[in-house]
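Input: a single structure, listed below in structure tokens.
The values are calculated or read from the model by the stated rules, or taken from the named source; none is laboratory data. What you see is a predicted model, and the numbers here were worked out from it, not measured in a lab. We place every Cβ from the backbone using ideal geometry, glycine too, and count neighbours over all the protein chains shown. The area values use the complete protein model at the heavy-atom level, side chains included, leaving out ligands, DNA and RNA. Shrake-Rupley method; radii C 1.70, N 1.55, O 1.52, S 1.80 Å.
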Amino acid sequence: MSLTNKNILLGIGGGIAAYKCADLVRRLKERGADVRVVMSQSAMEFITPLTLQALSGHPVASDLLDPSAEASMGHIELARWADLMIVAPATANLLARINAGMADELITTTCLATEAPIALCPAMNQQMYINQATQENLSKLTSKGFTIWGPDQGSQACGEVGPGRMIEPTDIANRAEQCFGPKPLVGKSVMITAGPTREAIDPVRYISNHSSGKMGYALAQAARELGAEVTLVSGPVNLSTPKSVTCINVESAQEMLDAVMAKTEMTDIFIGCAAVADYRIADVATNKIKKSNETMQIELVRNPDILASVASLPKPPFTLGFAAETQDVEKYALDKLKRKKLDMIAANDVSNQDIGFNSNDNAVTVYWEQGKQAIPQTSKAQLARQLMLLIEQRYNK
């Protein structure tokens, strides 16, 4: 009964996945939670308040100003009562209104009024999910301190296939348990590199790669949730810094190395998640290079190896690297682990478009001396938490 004496407020949005919330209420209650439900008007088209009242044992709230609620301000009463608020399904419309700070109905108003942590479980058509507006809303909500759980990938009620399925009720209940679990990284300092680097050719051109930074930012969020003090050294990305994380923005590999080495003495765990350019331009042009000949040659020189530099320090932090490969993933990962003297390495196959650059999902196999563990495909947020827990276990051995 891991949620005994915990008050969980469930906000149900108007999507087809609302029908799963009957099972979600059961899963939360069987873990000991006291569950109350608020519903949007459209949610009641998919599942009845009576069903949820019978399962939760409490009347279901749906009106912003309910005469039967305490002082006719039920949203304030519920906001004060909750230890955790879960919004599931969080539709595209609901995410947009929560991000805008609207107070036009009960769910959005309660989100504004509560001091409890809020977890949002996106659920919508796959094209709506990948739309730039939705992705921007999710990024901004994360930076404001909201936690995003999911979505999953797969077939949808509309007949399409892709990201946007609400994660399963059991998964939501498990994550709710984690919110009240121990924070094993309290007192530890974690530094994470993320995103690509840019190596200038001239004032207007550069060499870079397709890294979105999503994995590194998810790791920073997970490490912070587990209690660590987190420094994120980030290349150029279109992501918001997770709440309570210190971010140092850099461009080139040399700038990233300088930022990292300035803080390694104060770091317990270092995670090299950035896609650092292997080479830079030998002689960066002062002015824009004009188009002239049919061909052009540019001399490249090797960039410093940030991971190896950290791991080779006299007293290095616990160091984990990433191996993003397109073939012979295990072979190259193990070679990198040994050659760079890392404590652990997480390897993934970026030729798989479902988990490659810019994807919202990932799957890795983590290797260490005489051991390995696979983490199957899941959202980068969920994978980041699993990976941070595995790092914590190995760090304390």
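Alpha carbon centre of the stretch 10-27 versus the stretch 274-339: separation in Å? Here the two parts' Cα centres lie 47 Å apart.
Each peptide among 257-268, 9-20, 234-245, 205-216 gets the average number of other Cβ atoms lying within 10 Å of its residues, and from highest to lowest they stand as 9-20, 205-216, 234-245, 257-268. With the biggest extent put first, the Cα atoms of the stretch 1-144 measure 39, 31, 30 Å across the principal axes. DSSP beta bridges in the chain, what fraction antiparallel, as a percent rounded to 5? Of those bridges, close to 30 percent are antiparallel. On the stretch 276-397, 44 percent of the accessible area sits on carbon and sulfur atoms, based on a 1.4 Å probe. Counting 0.36 nm for each residue step from GLU251 to GLU330 and taking away their Cα separation leaves a gain of 25.4 nm.
Take every Cα-Cα pair in the stretch 71-230 and report what % of them are more than 21 Å apart. Before the final figure, lay out each step's value.
On the way: 7283 of 12720 pairs.
So the pairs more than 21 Å apart make up 57 percent of the total in the stretch 71-230.
Remark on the stretch 338-397: ratio of C-alpha radius of gyration to 2.2 N^0.38 Å is 1.16. Note on the stretch 124-163: semi-axes of the ellipsoid equivalent to its C-alpha gyration tensor, largest first and rounded to whole Å, are 22, 11, 6.
Report the semi-axes of the equivalent ellipsoid for the stretch 141-254 in whole Å, largest first, where each axis is √(5λ) for an eigenvalue λ of the Cα gyration tensor.
Values: eigenvalues 180, 105, 17 Å².
With the √(5λ) rule applied to the stretch 141-254, the semi-axes are 30, 23, 9 Å.
Annotation: amide H-H contacts under 5 Å for PHE322 (H modelled 1.01 Å from N, sequence separation of 5 or more, or interchain): GLY272, ALA346. Of the peptides 76-83, 317-324, the ranking by mean beta-carbon count within 10 Å, highest at the top, reads 317-324, 76-83.
Once Rh for the stretch 179-233 is found with the Kirkwood sum over Cα pairs, what is the Stokes-Einstein diffusion coefficient at 4 °C and 1.567 mPa s, in µm²/s?
On the way: Rh = 12.9 Å.
Answer, rounded: 100 µm²/s.
Taken over the alpha carbons of the stretch 257-342 as equal point scatterers, the Debye sum produces base-10 log I(q)/I(0) values at 0.10, 0.13, 0.18, 0.19 Å⁻¹ of -0.38, -0.58, -0.87, -0.92.
At 4 °C and a viscosity of 1.567 mPa s, what translational diffusion coefficient does Stokes-Einstein give for the stretch 192-280, taking Rh as the Kirkwood radius over Cα pairs? Give it in µm²/s as a whole number.
Working: Rh = 13.2 Å.
Rounded to a whole number, D works out at 98 µm²/s.
Within the stretch 322-397, antiparallel bridges make up roughly 70 percent of the DSSP beta bridges whose residues both belong there. With all protein chains kept in place, the per residue accessible area of the stretch 50-173 amounts to 44 square angstrom at a probe of 1.4 angstrom.
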